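The values are calculated or read from the model by the stated rules, or taken from the named source; none is laboratory data. Not measured: the values here are computed from a predicted model. Because the Cβ atoms are built from the backbone with ideal geometry, glycine has one as well, and the counts that use them run over all protein chains shown. Accessible surface areas use protein heavy atoms only, side chains included; no ligands, DNA or RNA. Shrake-Rupley method; radii C 1.70, N 1.55, O 1.52, S 1.80 Å.
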Amino acid sequence: MATATAASLPGASVAAAAAVSSSSSSPALSFRILAECSKSKARTSLMKLPHYAVELPMFMPVGTQGTLKGLLPEQVKGAKAQVILGNTYHLGTRPGKDLFQDFGGLHKFMQWDRALLTDSGGFQMVSLLDLAEITEEGVKFRSPYDGSECMLTPEESIEIQNAIGADIMMQLDDVVDVREKDYERFKTAAYRTTRWLDRCIKANKNPDRQNLFPIIQGGLFPDLRKISLEQQIARDAPGYAIGGLSGGEAKEKFWPTVHLCTDHLPKNKPRYCMGVGFAVDLVVCCALGVDMFDCVFPTRTARFGCALVDNGQINLKARDFANDFRPIDEKCGCSTCRNYSRAYLHTIVTKETVACHLLSLHNVAYQMRLMQSIRDSIKKDCFAEFVEDFMAAYYKDQEYPQWVVDALAAVKITLKKNSSSGVTNKASDIWDDQESDEKLWNLRSGFDKLYLTGYRNAILGDFEEEEAAGRIEGFETAFQSQSKVNPTIYLSRLDGLLMACLTKCKSNLNEEQKVEIRLIQNMINHALKLNFEPSKSILEKVLKSNKQTETRNEQEEVRLCSSECFVDAKYSEDSTRDRYKSRDSKCGCTPGQTDNAETCLNEILSRTRAVCDSVGWKIPDFILNHEL
Amino acid sequence: MFFILWWTRMHHYMYRLSIFVTTFRCFRITRKELHTSLHFSVCVSVQDAAKATPQGYNHKKGVSLWTYGGRQIITADKYMDLMEAMQPDWYEALNDADPGIGSSKKRILNSTTSSMEYLKQCITLHKASQKLKGSALFAPLLGGRSEKARNGWSKSLMSTTVDKSAISGYTIVGLHTNGPEVEDLQPVNVSNIVKASLEPLAAELPRQTAGMWNPLTVLQLAHLGVDIFDSTFPFLVTERRGALTFPFRLNRRQNDGAYSKGSCLEHQNKKLKVSEDSPKAKAEEEVPRQDNKIRESEDEELSSPYEINMKNKSNVSLMKPLLEGCECYTCKNFTRAYVHHLTIANELLAPVLLMMHNLHHWMDFFSSIREAIKTDRLEDLQTLITTSVFESNEDITLS
């Protein structure tokens, strides 16, 4: 059946040339590589398990207690999950191995007909360390449920896993917290893990239908890892896992360890990196030649209201999404994205349990889609390009973390810094400047994050016309809801408009217009800066930079001064006024000069209008709605 | 300006049962949003029937709604703005249904006076609105627990002071103040006041009443001529992790000869099963029975005779479905042991599976009611439930 499935897969013919077919040492697993990346160590393969033939590399969602956070088995299948991970320790405690024996395994109990993998419970040594005591015999746990003590030995672990009946079982390993410093502890753990593996193999009653994977230990020490690798590989298992990572170690040490392990592990057997689930880590580890992953992250983050997207995750609690009627991800085909908008999810997230289900479903589907893209790109032998595109989308402005660059360089994938047009850079300067970002966020005026989302989209230029209309409508509601409008809103609207104009009409604009837009933007920025952060140091900074800039002439100085006075006038009844007092003498005009301020704003407005007219844009009505 | 309101119909745990949306963001959730994702009729009531409405917060200016963001006082104008934004298939007019048991005549009078004001405003705005052309307005039936006041209110609805052309139905409110306590209202408690409310009304318009009515009270209300109920009962049963098992199938009971093991209820199963089960199955049956007694004494308030409690340890190794013969997704796929495991482990899937079962059971119960009305056997249905659930006819009788 494995062969038939392989032949029907697209790209299988391409794969045939590169394929390293293998026979497995286990009757319960057959593994064949379908295609390999010509640059990196990435490969895509087919692994046939007793319950399901799975495509690798793959991500396995974690269903610790025999269920995946509120999702029905059908929904999990709909999200294209191939293997669910269960936990031996938890399932062994509750409902217990006897029940599984009666029921004929976890598959039947939870109605899951695809493959299952059970973790041995070793990891709980770390996560429940206070409750566990490790000896050569095994791990002594105190049950978190009723306080009773139980001994988890390798034999016991396998007995439970045999009862559960997972397609892949993990050996009980001696897991040490990766942040532990003691070399000797890691050394003991590495050797003990192999000793326990031998006991596990001996205890396995179903080698014909349950695979037992050894786990490579050795912390972050290459010599220990090598010892562990050598010993474990000698046991000729159907597949191998890299353990003891993802516990909070530095990424600079994480990837070389994975790299080392995949270099030594047999090529014709699946490799499983335990506890890895962030999108970037998945892509990097695939490049390093890992085939299987698991992590609680996608479902856990869903419980906190976060949805996974191509550039990380978005928290739907944020007010940005209150009027955002797009799906979480337009490219996503999951039922959440097909049926619900961000605005709807924003309304119910963290309040109604169904929000958690919807987000879990999306997040699982996202991970599956990511892995599918990786598999497809390897088949088409464009994995390197995929990685570049992925990283470029994930890290705006190509500011890649060094470890990602290094890890990928180790497998001959170079991440280029894409130096695109000046406009983009200008825009992202504004966008990324932490300081100005914070200023915007801290606005007291009610001009809120919502506007920033629009800003970002306008800048990045990735929104369609009708969306632009919807966006403007969104602004409108947000702004109209503020009865007392601060002039900063007015200014920011104009600024946003200009920015959108600069980006969207990039090609149509002549130099003159561009300069004009920037000049107006400068005026706006000055006015805004003074309003946002009326501190002396900023003011001085602004004044200083004005003097140094050639384009600033005296007139600009006056304008700056007038906008400042304008601010004063507006806040003259406010307590903030006191702060401005000290500056009065400096600029030589008094807070009462509202004429001056209005002149300044009117000038900004008329010049903006002129620019907009010249490119054929109409200033949306809502911008002009409020009297200043 | 943005706030979230609770409108309740039914609560949904899973998207496929999404007829039961509880919360909408007013203004910005459009009809399209609501309907494309639901594909079902949407009805809006003023208060959430699953949560006890705090009393004493309504006054002349408006009605208090209890939202995620706290209390919101809502006027008829504002309420109708919301309706325009949501465009439900039908909605009840804004009303002050506050007066609970033991309210003074004065309080009832105040509530009916202000509610009449709201109703008239709602009718005017409803008729003027283009957007609400496709929505139906239901008039509230008020009057607290006073037969006289209820009768008077209904009569005033039929009088010329109210524009009847805009009213497409009635909803009986003010029988209770929502929340789980409604379950304790027995047929005898509501029978007369509902009768008083319904008596003056025209027969051709639908009548609705929201709340956690227990099955016997539902039957009584249906008997009195109420047409529309909601799923608060199965929802709140799910919240306390119960699975509904009360019987309602008349036909199967009638042909006792054809009574198969797979199509009956546990209660009856216990009585009827004598020889057909193996000793093991028999033992399994005995366990819950004993535990039922224990449960009833331990946490009586968390359960009702209509359901089995899935927290109960007796389910730990039961390989049978929640209800033998039930055709719902949960019963066809999962065992009690699994649902019990999920419940004990506090997993999110437990309420999902239970709600699917309970809702299915509740819907089937209603199809059985419709059938019984058609064949004029409503009393038989009442007797069936009374005898099998309470095993005796004491207290509860048809009036």
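A single entry from B:THR238, B:THR209 fulfils the requirement of being among the polar types (S, T, N, Q), buried (at least 21 other Cβ atoms within 10 Å of the Cβ) and within 22 Å of B:ALA136 (Cβ to Cβ): B:THR209. For segment B:338-361, residues that are in a helix (DSSP H, G or I), farther than 14 Å from B:LEU322 by Cα and out of contact with any Lys or Arg (no Cβ under 9 Å at 6 or more places or on another chain) total 0. Looking at this structure, is B:GLU181 open to solvent by 10 Å² or more (accessible area, probe 1.4 Å), within 30 Å of B:PHE390 (Cβ to Cβ) and among the charged types (D, E, K, R)? Yes: the conditions hold for B:GLU181.
The lone criterion from (1) in contact (Cβ under 8 Å) with a residue 40 or more places away in the chain; (2) buried (at least 18 other Cβ atoms within 10 Å of the Cβ); (3) under 22 Å from the mean Cα position of the chain (by Cα) left unmet by B:MET116 is number (3).
On the stretch given as segment A:338-370, residues that are free of Cβ contacts under 8 Å to residues at least 60 places away in the same chain, in contact with a helix residue (DSSP H, G or I) (Cβ under 6 Å, 6 or more places away or on another chain) and more than 24 Å from B:GLY69 (Cβ to Cβ) total 0.
Based on what the data block shows, is A:GLU159 touching a strand residue (DSSP E or B) at 6+ places or on another chain (Cβ under 8 Å), open to solvent by 20 Å² or more (accessible area, probe 1.4 Å) and at pLDDT 90 or above? In short, no. With respect to A:ILE201, is the statement that it is among the aliphatic types (A, V, I, L, M) and either more than 18 Å from A:GLY121 (Cα to Cα) or open to solvent by less than 30 Å² (accessible area, probe 1.4 Å) (or both) true? Answer is no for this residue. Restricting attention to segment B:326-368 and to residues that are of a type in the set (D, E, K, R) and more than 12 Å from every other protein chain (Cβ to nearest Cβ), the residue that is most open to solvent (accessible area, probe 1.4 Å) turns out to be B:GLU327. Checking each residue in segment A:269-284 for being in contact (Cβ under 8 Å) with a residue 60 or more places away in the chain and part of a helix (DSSP H, G or I) picks out A:ALA279, A:VAL280, A:LEU282, A:VAL283, A:VAL284. In this structure, B:PHE390 does satisfy being of a type in the set (Phe, Trp, Tyr), over 19 Å from the mean Cα position of the chain (by Cα), more than 14 Å from chain A (Cβ to nearest Cβ) and open to solvent by 20 Å² or more (accessible area, probe 1.4 Å).
Taken over segment A:308-347, the criterion of being among the small types (Gly, Ala, Ser), within 11 Å of chain B (Cβ to nearest Cβ) and surrounded by fewer than 20 Cβ atoms within 10 Å (Cβ to Cβ) is satisfied by A:SER335 alone. Taking segment B:62-101 as the range and being open to solvent by less than 30 Å² (accessible area, probe 1.4 Å) and β-branched (Val, Ile, Thr) as the test, the residues that pass are B:VAL63, B:THR67, B:ILE74. Somewhere in segment B:130-138, is a residue over 25 Å from B:LEU221 (Cα atoms), touching a strand residue (DSSP E or B) at 6+ places or on another chain (Cβ under 8 Å) and polar (S, T, N, Q)? Scanning segment B:130-138, I find at least one residue that is over 25 Å from B:LEU221 (Cα atoms), touching a strand residue (DSSP E or B) at 6+ places or on another chain (Cβ under 8 Å) and polar (S, T, N, Q), so the answer is yes.
Filtered by the rule that a residue be facing chain B (nearest Cβ under 9 Å) and outside any helix (DSSP H, G or I), segment A:97-117 gives a lone residue, A:GLN111. Out of all the residues in segment B:44-55, is one or more among the hydrophobic types (A, V, I, L, M, F, W, C), open to solvent by 70 Å² or more (accessible area, probe 1.4 Å) and at pLDDT 55 or above? No, the conditions are met nowhere in segment B:44-55.
Look through A:GLY275, A:GLY289 and report the one residue that is modelled with pLDDT of 95 or more, within 26 Å of the chain's Cα centre (by Cα) and buried (at least 16 other Cβ atoms within 10 Å of the Cβ).
Result of the check over A:GLY275, A:GLY289: A:GLY289.
Of the residues making up segment B:139-164, those that are buried (at least 16 other Cβ atoms within 10 Å of the Cβ) and under 15 Å from B:LEU205 (Cα atoms) are B:ALA139, B:PRO140, B:LEU141, B:SER154, B:LEU157. Of the candidates A:ALA355, A:ALA393, the single residue that is at pLDDT below 95, part of a helix (DSSP H, G or I) and away from chain B (no Cβ under 14 Å) is A:ALA393.
Evaluation of B:HIS223 against the conditions (1) at pLDDT 90 or above; (2) within 23 Å of B:ARG336 (Cβ to Cβ); (3) open to solvent by 10 Å² or more (accessible area, probe 1.4 Å) shows that the sole unmet condition is (2). Within segment A:47-78, being more than 15 Å from B:LEU349 (Cα to Cα) and open to solvent by 10 Å² or more (accessible area, probe 1.4 Å) holds for A:LYS48, A:PRO50, A:HIS51, A:TYR52, A:ALA53, A:GLU55, A:LYS77, A:GLY78.
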